[in-house]
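Shown next, in structure tokens, is the structure this report addresses.
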Amino acid sequence: MRRGGVPLVEPALLRGRVLPAVPATSTLFFAVMNGVMITVVLQLELGLRRGPLTAGLTLLPWSAGLAVVSWAAGAYLVPRYGTRVMHAGVATLAVGLGGAVLAYRAAPPGTYPNALPRALVVAGLGTGLFTPPFFTAALSGVGPQETGSAAGLLNAVQQSGGTLGVAVVGGVYLAGDGTSRDAAQTALGTARAVLAATGVAAVTMTARPRNRAGALGRVRDHRR
């Protein structure tokens, strides 16, 4: 940086002890989200020869669950239970992904997995439980002069994680025959493994001591 210039990222953010856990959690979580979505779309369109409308309607329950629960989590659950809501979100998303695997397994070859939308509702609920406490925790220790830099850093990490998920989970799907339900199950299993790593990163993130210097700090477990 030139003398008198403005840094792209506030140096204080890089000195926080919690910093590595926050980008790791964000990267892994959004990799799971985007990886699952691309797998569902590819399997429906390439494997079952369904159109974009079917793919969109299949993913709609995920979006609906996310929208409803994220509002409730931010307004009611996070103020009462704090970061425990985030961990509950990871667990709920894991249940939803497990249901998606079972939906593909139960469907006869070449047929639409009728149980998939129900599983994606659960996945959406988990996503909605995760996101509000994550961003609250990530930004709660950020000073006014660091807010823009921290938000931009989180957004960049989120986009990178989503891209990584499409590449890795989507790549696992296409590495098979790229059409069958077995390939979809393998890809979703990969996403569940990444989600397990997300849970570990989230625990590490929230286990850090509350510290103003930990610029991407944690939310209080209970607001008093």
Name the residues in region 26-49 that are over 19 Å from the mean Cα position of the chain (by Cα) and surrounded by 24 or more Cβ atoms within 10 Å (Cβ to Cβ), would you?
-> Q43
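Being hydroxyl-bearing (S, T, Y), at pLDDT 80 or above, buried (at least 18 other Cβ atoms within 10 Å of the Cβ) and farther than 21 Å from G35 by Cα is the requirement here; does T136 meet it? Walk me through it before giving the result.
Details: hydroxyl-bearing (S, T, Y): yes; at pLDDT 80 or above: yes; buried (at least 18 other Cβ atoms within 10 Å of the Cβ): yes; farther than 21 Å from G35 by Cα: yes.
So T136 passes the test.
Which one of G143, G99, G110 is of a type in the set (G, A, S), surrounded by fewer than 23 Cβ atoms within 10 Å (Cβ to Cβ) and at pLDDT 95 or above? Even if it seems obvious, please write down each step before you answer.
Values: G143 fails: at pLDDT 95 or above; G110 fails: at pLDDT 95 or above.
None of the other options fit; the residue is G99.
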Within region 145-157, can one find any residue that is more than 17 Å from L48 (Cβ to Cβ), touching a residue at least 24 places away in the same chain (Cβ under 8 Å) and under 14 Å from the mean Cα position of the chain (by Cα)?
-> yes
Picking from L57, L53, L28, the residue that is in contact with a Gly (Cβ under 8 Å, 6 or more places away or on another chain) and at pLDDT 95 or above would be L28
Top-ranked residue of region 70-122 - restricted to ones that are touching a Gly at 6+ places or on another chain (Cβ under 6 Å) and polar (S, T, N, Q), ranked as farthest from G199 (Cα to Cα) | S70
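The values are calculated or read from the model by the stated rules, or taken from the named source; none is laboratory data. In this text, all values refer to a predicted model and were calculated from it rather than measured experimentally. Positions of Cβ are backbone-derived with ideal geometry, glycine not excepted, and every protein chain shown enters the neighbour counts.
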